[in-house]
Amino acid sequence: MSTGHAQQTTASVAVVDYGLGNLRSVTRGLERAGASVDVSDDPAEFTTADGIVLPGVGAFREGVENAGPYREALLEAAADGTPVFGICLGMQMLLTTSEEADRAGEGEVEGLDLIPGRNRRFTGDMKVPHMGWNELAVERDHPLVDGVNGEYAYFVHSYYAAPDDEGATVASTEYGTRFPSIVADESGTVFGTQFHPEKSGETGLRILRNFVTLCDE
């Protein structure tokens, strides 16, 4: 399949601009995947979008605090069945809490709690942060992972998701331990990738196309 030109769909995607994340790369990737993209800091616009992307790079507490004004709109969109896609820190924010805040002496910091669980720090002898290309092993069916089993994606992170429900793991990756690299809630409309699809070449573009197709349904 040629990737020289964007596939056009009718899907509109809102990328949440809360001050963290590489919005330009995410927007470019979504446009290549065929979406009509609106980078927005207006929660009202989330209600009209076919899908929402929550990107993110940085610390869990800062991300949760910055996204605070958008919490209610994101929870309402998820409850309405709008696909909500968290990337890297954005994925971690879909969970309940994170060890990162505890390690920083900040106590419990509550995420969106759309996928119950806790983000844990890598332990052992592996270099942290985990940075580089690693394989995706699909654990269960989900529209996001159509055609990506065994492919490689690009990671940069020190923490990983540990959902309360093992069934929330859509794909896993090995780095000293096996951790969830793609998670989704029970409905399947709230999901996230620990890696950066917008930096993961053809594999990432396939995932973004899968997302746009899901939004277009």
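Filtering 167, 204 for residues that are at pLDDT 95 or above, in a helix (DSSP H, G or I) and over 25 Å from residue 113 (Cα atoms) leaves a single hit, 204.
Restricting to the range 170-194, name every residue that is in a loop (DSSP other than H, G, I, E, B), in contact (Cβ under 8 Å) with a residue 24 or more places away in the chain and farther than 17 Å from residue 121 by Cβ. Steps first, answer last, please.
In the first step, residues of the range 170-194 are kept if they are in a loop (DSSP other than H, G, I, E, B); the result is 176, 185-189, 194.
Next cut, in contact (Cβ under 8 Å) with a residue 24 or more places away in the chain only: 176, 185, 187-189, 194.
Selection gives 185, 187, 188, 189.
Name the single residue that is modelled with the lowest pLDDT among those in the range 1-16 being within 15 Å of residue 210 (Cα to Cα) and open to solvent by 50 Å² or more (accessible area, probe 1.4 Å). So that I can check it myself, show each step before the final result.
Our first condition is that a residue be within 15 Å of residue 210 (Cα to Cα); within the range 1-16, this holds for 1, 3, 6-13.
This time we only want the ones that are open to solvent by 50 Å² or more (accessible area, probe 1.4 Å), so: 1, 7-8, 10.
Values: 1: 36, 7: 52, 8: 57, 10: 74.
If we take residues in the range 1-16 being within 15 Å of residue 210 (Cα to Cα) and open to solvent by 50 Å² or more (accessible area, probe 1.4 Å), then 1 is modelled with the lowest pLDDT.
Taking the criterion of being within 19 Å of residue 98 (Cα to Cα), in contact with a strand residue (DSSP E or B) (Cβ under 8 Å, 6 or more places away or on another chain) and open to solvent by 40 Å² or more (accessible area, probe 1.4 Å), would at least one residue in the range 139-156 satisfy it? Before you say what the answer is, go through the steps one by one.
Quick first cut of the range 139-156, residues within 19 Å of residue 98 (Cα to Cα) only: 155-156.
If we keep only those that are in contact with a strand residue (DSSP E or B) (Cβ under 8 Å, 6 or more places away or on another chain) too, we end up with 155-156.
Narrowing the set further to residues that are open to solvent by 40 Å² or more (accessible area, probe 1.4 Å) leaves 156.
Yes, the conditions are met somewhere in the range 139-156.
Looking only at the range 105-136, residues that are within 18 Å of residue 185 (Cα to Cα) and surrounded by fewer than 17 Cβ atoms within 10 Å (Cβ to Cβ) come to 3 in all. Only one of the numbered conditions (1) within 18 Å of residue 21 (Cα to Cα); (2) surrounded by fewer than 23 Cβ atoms within 10 Å (Cβ to Cβ); (3) β-branched (Val, Ile, Thr) is violated by residue 193, and that is (2).
Given the options 118, 103, 140, name the one that is touching an Asp or Glu at 6+ places or on another chain (Cβ under 8 Å) and over 24 Å from residue 30 (Cβ atoms).
Values: 103 fails: touching an Asp or Glu at 6+ places or on another chain (Cβ under 8 Å); 140 fails: touching an Asp or Glu at 6+ places or on another chain (Cβ under 8 Å).
Going through 118, 103, 140 in turn, the sole match is 118.
When 17, 80, 41 are screened for being of a type outside the set (A, V, I, L, M, F, W, C) and under 20 Å from residue 216 (Cβ atoms), only 80 passes.
Restricting 53, 57, 26 to those that are among the hydrophobic types (A, V, I, L, M, F, W, C), modelled with pLDDT of 95 or more and more than 18 Å from residue 114 (Cα to Cα) reduces the list to 26.
Quick check: is even one residue across the range 134-156 touching a Pro at 6+ places or on another chain (Cβ under 7 Å) and not in a strand (DSSP E or B)? No, the range 134-156 has no match at all. For beta carbons closer than 8 Å, sequence separation of 6+ or different chains, a first residue in the range 27-43 that is among the basic types (Lys, Arg) and a second that is open to solvent by less than 20 Å² (accessible area, probe 1.4 Å), the qualifying pairs are 32/205; 32/208.
Give me the strands (runs of 3 or more DSSP E) completely within the range 17-104, filtered to those with at least 3 residues that are open to solvent by less than 10 Å² (accessible area, probe 1.4 Å), ordered by residue number. Please lay out each step first, then the result.
Numbers: elements: 36-40, 51-54, 84-87.
Ranges flagged: 51-54, 84-87.
The values are calculated or read from the model by the stated rules, or taken from the named source; none is laboratory data. Quick caveat: nothing in here was measured; it's all calculated off a predicted structure. Note that each Cβ is placed from the backbone with ideal geometry, even for glycine, and that neighbours are counted across all protein chains shown. Note: areas computed on protein heavy atoms with side chains; ligands, DNA, RNA excluded. Shrake-Rupley method; radii C 1.70, N 1.55, O 1.52, S 1.80 Å.
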